[in-house]
1. What residue among G65, S97, L12 has its Cα farthest toward the positive end of the dipole of the chain, where the charges are +1 on Lys, Arg and -1 on Asp, Glu, each on the Cβ?
2. Could you tally the net charge around C36, taking each other residue with its Cβ under 11 Å from the Cβ of C36, Lys/Arg +1 and Asp/Glu -1?
3. Of the chain, which part is the longest with no trypsin sites (Lys or Arg not before Pro) in a loop (DSSP not H, G, I, E, B) and with at most 16 other C-beta atoms within 10 angstrom?
4. Mind giving me the FRET efficiency for D34 and K74? R0 is 30 Å, r the Cβ-Cβ distance, nearest 0.05 is fine.
5. In what sequence, largest accessible area first, do L55, L64, L104, L13 appear using a 1.4 Å probe?
6. So what J values fall out for region 25-30 if you push phi through Karplus, 6.51 cos²θ - 1.76 cosθ + 1.60 with θ = phi - 60°, rounded to Hz, Gly and Pro as x?
7. Which of rounded, prolate or oblate describes the chain when judged by the alpha-carbon gyration tensor and an a/c cut-off of 1.5?
8. Could you provide, to the nearest whole Å², the per residue accessible area of the chain with probe 1.4 Å?
Amino acid sequence: MKKRDHIVLGCLLHDIGKFFERAEVLDHYRKDDDKCQSYCPRNNEKGYYSHLHVLHTLAFCELLGTKVPEILPKEYQMNATADQNWINLSSFHHVPSERQEAYLEKM
């Protein structure tokens, strides 16, 4: 896939997790503290993670990648940090990294 394809797919799917969050499906990452810490912003005053829909987005994107392996990024690993592929662009949108921002700025 080209860089543009990763960006477009990431943009299209970035909030898909909101549907699954409301339906209470694909929620296995909500119980994973490491995933919450990596993907969700933390409200330090109240002591909880916000924007948990990104965990549902991540679960959906991984599931989609297994169903349509042609679109699964070759460098993607389930434990990956913010990288420049559509799964991580869609899942890390509330805690973007400098690498992601630099990747998008070059477009």
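The values are calculated or read from the model by the stated rules, or taken from the named source; none is laboratory data. Worth saying up front: this structure is predicted, and the values here are computed from it rather than measured. Heads up, the Cβs are rebuilt from the backbone with ideal geometry, glycines too, and the neighbour counts pull from every protein chain shown. For accessibility, only protein heavy atoms count, side chains too; no ligands or nucleic acids. Shrake-Rupley method; radii C 1.70, N 1.55, O 1.52, S 1.80 Å.
1. L12
2. +1
3. Within the chain, the longest run free of exposed trypsin sites (Lys or Arg not before Pro) spans 3-45.
4. For D34 and K74, the calculated efficiency is 0.80.
5. Sorted by accessible area, descending: L104, L64, L13, L55.
6. Along region 25-30, the couplings run 10, 6, 10, 5, 6, 5 Hz.
7. Oblate shape, in that a/c is at least 1.5 and b/c is the bigger or equal ratio.
8. On a per-residue basis, 63 Å².
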